[in-house]
Number of protein chains: 2
Amino acid sequence: MAVIGASSNPDKLGNAILANLIQGGFPGAIYPVNPRESEILGLPVIPDVSHLPDGIDLAVVVVPAGAVAGVLRAAASKGARAAIVISGGFREAGRTDLEDGLKAVAAETGLRIVGPNCQGINYLPNRLCASWPLLTARGPVAVISQSGTVAATLGGWASEEGFGVSALISLGNQIDVSESELLEFFAGDPNTRAIAMYLEGAHDGRQFLQTLQRVIPQKPVVVLKSGCTVHGQRAASSHTRSLAGRDEVFEGLCRQFGLYRAGSIESLYDSAKAMATLPACPGKRVMVVTSSGGSGILAVDQADRLGLEIPALPAAAAAELKTVDIPANATLSNPLDLTVATAVQYQNALDVLQKYDLADYFLLIFGDPIPGAAEAALRARDRGGAGIVAAYLGGGEVEKTERYKMHSLGIPVFPTPERAVQAIHAAEWSARFRRLHAEPPRDPSVF
Amino acid sequence: MAVIGASSNPDKLGNAILANLIQGGFPGAIYPVNPRESEILGLPVIPDVSHLPDGIDLAVVVVPAGAVAGVLRAAASKGARAAIVISGGFREAGRTDLEDGLKAVAAETGLRIVGPNCQGINYLPNRLCASWPLLTARGPVAVISQSGTVAATLGGWASEEGFGVSALISLGNQIDVSESELLEFFAGDPNTRAIAMYLEGAHDGRQFLQTLQRVIPQKPVVVLKSGCTVHGQRAASSHTRSLAGRDEVFEGLCRQFGLYRAGSIESLYDSAKAMATLPACPGKRVMVVTSSGGSGILAVDQADRLGLEIPALPAAAAAELKTVDIPANATLSNPLDLTVATAVQYQNALDVLQKYDLADYFLLIFGDPIPGAAEAALRARDRGGAGIVAAYLGGGEVEKTERYKMHSLGIPVFPTPERAVQAIHAAEWSARFRRLHAEPPRDPSVF
């Protein structure tokens, strides 16, 4: 791989990206290219693309806009098959002429180009971090984004709380490699279990819908679409020049094609996390087990709003709960409010509850510093059947440790009951669509 | 102060609370009371309340429900004027008889009681942490909560990101000290600039509204009200036995009395943060300056949804921006998309923008690891006039450092553009209410 425009100046992107490729542990050879330096971050520098060895696979480009077409052509002639163009200054800056130059290179050489004006690519299974900030936590969600920052934000959160991602792709101006091609790739990627997208508009609407038809039956997809309002559309047209389109139309297409729509960056992240980890449950019944009465109420409020069901606790289960070690003050209903409880008491409650076919999802709300929460959740998850979701809040350092542990076990954890319930809704909606529409709609010509 | 039911067993609340009082740095004398131990956490133990020295101010009670009335009476006879009853097992567990016993003690002795069934009190100006987890970061927001976990969650977040709180009050079953008395207290508290409340229902509706009439002109208040849906109301009635009331009525009262209503725990926190830090601006115009095009679009989408204004960038300002050092690719509109920018370039842009009367709020979105962001925000804030709000995302470790710095300077920072805009909306709504209703409505008999 070549990093064209690598720099020893730590304020430059060409430095950050090279550093992240090295620190991310990319196992292949990395060639920094820069005419004015001889060594960067310990690697010998190639002065010019024409001096690169033949047969490089990938070029990461961080040179000024005017120089990009030239270096891409040179890289292609050295055998490069793909390029990530980080450099900005193209269509988004009114220079469609420069962008046309890149398109011409792609057309003439067959070089596949991601970008320009993008934040690069992370693909964790290959330990490729051609982006910033550095990301090393591997997980089951692939992020495809028309905003580098949105991608980096999801990556940062996933890293911070030990959930990880399989890939982060920042599309930028998308002159060649499109969101549809990437969707298709991740649908078949065994390292990816759910796909999160940030879109301002589809590159090619019909192709996008045709791709969704093939992808949704294989993998759940959640989208955050911006440019939904008058001012938002205006801003979107400045950013990636994409035509945002009428929001009602997009909303209708999401429902028709089974694309779950997130309302915020956080919801995009939460939804993907739940979709990637929860089983496809047959119904929408949620049983809440909590140490925090208030959080339990907030959870069922949110469940009611989103159309999830809160089944009553069966009398037999309530009677059996009285025979096991849970707090005497517990409120035997749904939510099951354990009041102040240990992880073992959660476990005791779940051992009883899971005997009854009472819920499709169990939401475990840990509202105190409760050590051992991860073990309790794991035991419930390993019993199979229902989806196990945790909300952990008000738990200080214990919370952080337990959240990290749960994520490493593939149990999704959310910072509030409201966000946990919204994430359940995402997984449930997506699973239901796939169940009801085993054959997705055939005619994408409505677009 | 006495901690009645202190324990050397680290699994017991009586241990955690004593530890937090000590580590929180409470400057007065602390007397652990326990009949079976002689020393706990280095403090000599008093075997029985009757052995306490005369003239203690406060009793923190963590003994089983049946023993609480007795120790409270004994504490009152040793001069205690106030008690925090952490213990549960009262009305919420069907034992109204035990709760009546506590009420009788309050009536007979004049002892003021917070709780029972609560998570205690933090009052940072006095370094009092009679709660858990430990909290030491002092800030301008007071939290009054009918859920201990919701209070602890806000405290944890405020601590984590260096924003801090002035107080956290967990009300529990609220047999004596009410949310209205605490509202009144914090309205007059010079250490508090905004009040965040989590409510399931008002203790005394009429008193609550009368209090709001007096408080809102002095301090902004935001409320998260749960029990809004059928299942939520049912759960609320189990938790604190409060009558949640019809949600439309509560909604109407909020609008009439100037109580800003948050939709989630995160929004409760964000709103209070903005209210406590932003000036009362005369209008609702928001100018967005961003390094992330996508984040800028999400911000204006959210602003449009919430009825905030996105003024056009005046031609003169756009012309002047061309004369200063900002990225050549910048999109000169609102949002002002700087693309990849340094903190100095934000500063250069703001130096120009703030010459024009174009906005009431500036939302600075830092969508990369941008060191020096805090200095740029501070310079803009210190120019006076408009409210300065930051969203910081996708910035890794640099983001954490800068966020902490901004909070220590009193500049509110949010993790996403959507949350930042919602927080601006909270501050704007509250300031507008106070401006338009300098005299709040007089007749609370509508309740």
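All of the numbers you see were taken from the coordinates with simple rules; none came from a lab. Computed from a prediction, not measured in an experiment: that's the story for all the values here. Cβ: placed from backbone, ideal geometry, glycine included. Neighbour counts: every protein chain shown.
Structure notes:
- Semi-axes of the equivalent ellipsoid for the protein assembly as shown, computed as √(5λ) from the eigenvalues of its C-alpha gyration tensor and ordered from largest down, come to 50, 30, 26 Å.
- Normalised per residue, the volume of the convex hull around the Cα set of the range B:214-354 (Å³): 152
- Mean per-residue shielding of peptide A:392-398 is 6, counting Cβ atoms of other chains within 10 Å of each Cβ.
- P(r) tail for the range A:144-260: Cα pairs beyond 23 Å make up 27% of the total.
- Peptide packing for B:87-93, A:327-333, A:403-409, B:25-31 was compared via the average number of neighbouring C-beta atoms within 10 Å per residue; ordered from the highest value, the list is B:87-93, A:403-409, A:327-333, B:25-31.
- Average other protein chain Cβ within 10 Å of Cβ, residues A:62-75: 0
- Between B:Pro311, B:Pro190, B:Pro32, the GNM of chain B built on Cα springs shorter than 10 angstrom shows B:Pro190 fluctuating the most.
- Isotropically averaged projected area of the range B:330-374, using the convex hull of Cα atoms (one quarter of hull area), nm²: 3.2
- Relative contact order of chain A, defined on C-alpha pairs under 8 angstrom at six or more residues apart (%): 11
- Innermost chain B residue relative to the axis carrying B onto A, by Cβ distance in angstrom: B:Glu266, 4
- When the alpha-carbon atoms of the range B:176-227 are used, the pair Rg, Dmax equals 10.5, 32 angstrom.
- Binning the C-alpha pair distances of the range A:144-203 at 10 Å intervals from 0 yields a P(r) profile of 22, 53, 23, 1 %, listed from the shortest bin outward.
- The mean sequence distance of close C-alpha pairs (under 8 Å, at least 6 residues apart), as a share of the length of the range B:193-237, puts its relative contact order at 49 percent.
- When the Cα gyration tensor is reduced to axis lengths a ≥ b ≥ c, the ratio a/c is 1.5 or higher for the range A:265-322, and with a/b above b/c it is classed as prolate.
- Pairs of Cα atoms nearer than 8 Å and 6+ residues apart set the relative contact order; for the range B:79-190 it is 28 percent.
- Spatially close lysines, pair count over chain B: Cα under 30 Å, gap of eight or more or interchain: 20
- Taking B:Glu99, B:Glu251, B:Glu402 in turn, the Gaussian network model of chain B (Cα-Cα springs below 10 Å) assigns the largest fluctuation to B:Glu251.
- Taking the square roots of five times each eigenvalue of the Cα gyration tensor of the range A:319-442, the equivalent ellipsoid has semi-axes of 27, 18, 12 Å, listed largest first.
- Prolate/oblate/rounded label for the range B:28-154 (Cα gyration tensor, a/c 1.5): oblate
- Expected 222 nm ellipticity per residue - DSSP helices of 4 or more, -39500 (n - 2.57), all of chain B, to 500: -12500 deg cm²/dmol
- Cα gyration tensor shape of chain B, rounded if a/c is under 1.5, else prolate or oblate by comparing a/b with b/c: prolate
- Cα-only radius of gyration and Dmax that characterise the range B:54-99, units Å: 11.0, 35
- Here the label points at A:Thr401 and B:Tyr356, each 7 Å from Cα along the C-beta direction, are separated by 5.5 nm in the simple model.
- Förster-model FRET efficiency, 51 Å R0, B:Glu248 and B:Glu320, C-beta, rounded to 0.05: 0.55
- Considering only A:Glu397, A:Glu266, A:Glu181, the Gaussian network model of chain A with Cα springs below 10 Å gives its largest mean-square fluctuation to A:Glu397.
- Peptide A:144-151 has a mean of 6 when you count, residue by residue, the C-beta atoms of other protein chains within 10 Å of its C-beta.
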